[in-house]
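Since the structure comes first, as structure tokens, the remarks are kept for the end.
Read-outs: derived from the displayed coordinates by stated rules, not from any lab. Quantities reported herein were computed from a predicted structural model and do not represent experimental measurements. Positions of Cβ are backbone-derived with ideal geometry, glycine not excepted, and every protein chain shown enters the neighbour counts.
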Amino acid sequence: MRSLAAFLALPIGLAGFGTTQASAQHVQARQGFWMGFGLGYGEAIATCANCGTATDWGASGFLKFGGTLGPKTLLGGVAHAWIKSSQGATEILGNVTGSIFYYPALATGFFLTGGLGISEYNLGGYAATSAMGWGLRAGVGYDIRVGAMTSVTPVVDLTYGGGMSPHGKTGWRQAVIDLGVGVTFH
């Protein structure tokens, strides 16, 4: 639990680092089409009715795009994947969601995000299998403006999925919590 608390404390420090200087240089305007991508690292937690709980750490990545509904609200799609290769097998936990990004204060880059969609489990290699089900996503981040139309965006994301039965395992649920850094183009 201590490692998770330390893991989550990092984006708070990143969000505060240099934001007063960056926000003074570039106004936090949100309008029109936007897109972003990034990489991260996080913990995957998988559980099922007949197999217990397994956790592992691996790399993650995301791609997001959409449009602006208003100065505080963006609507878009997010594809998020966690990946781990070990002993000739590659395990991927993924989510694709329709998501809302909400900026509570117009003058800052801080945002909350959440979405609904689909989730997938995929294991390639000697025991290949895949399964799809429902997916959820929640997160927090901060757009640190580095240009008039560009931000560096540290994020903490939680993706969750269920309703699938890979390898016939019933009650399968998967979650990934990760810390990432991306680039957002506004």
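Which order, highest average first, do 52-59, 115-122 follow once you tally other Cβ atoms within 10 Å for each residue and take the mean per peptide?
So the order, starting with the most tightly packed, is 115-122, 52-59.
So between TRP134 and ILE118, what do we pick up on full extension, going 0.36 nm a residue minus the alpha carbon distance? Numbers along the way, then the final one.
On the way: separation 16, 0.36 × 16 = 5.76 nm, distance 0.44 nm.
Between TRP134 and ILE118, full extension yields 5.3 nm more.
Report the semi-axes of the equivalent ellipsoid for the range 64-109 in whole Å, largest first, where each axis is √(5λ) for an eigenvalue λ of the Cα gyration tensor. Display every interim value, and only then the final one.
Values: eigenvalues 219, 26, 7 Å².
Equivalent ellipsoid of the range 64-109: 33, 11, 6 Å, largest first.
Give, as a single signed number, the net charge of other residues whose beta carbon lies under 10 Å from the beta carbon of PHE101, with Lys and Arg counted +1 and Asp and Glu -1.
Details: positive: ARG30, LYS64, LYS72; negative: ASP143.
Overall, the nearby charge balance is +2.
Based on the mean of other Cβ atoms within 10 Å per residue, sort peptides 41-51, 140-150 so the most packed one is first.
Working: 41-51: 16.7, 140-150: 18.7.
Top of the packing list down: 140-150, 41-51.
Length gain on complete extension for the stretch ALA148 to LEU75, per 0.36 nm per residue less the alpha carbon to alpha carbon distance?
Details: separation 73, 0.36 × 73 = 26.28 nm, distance 2.07 nm.
Full extension of this stretch gives 24.2 nm more.
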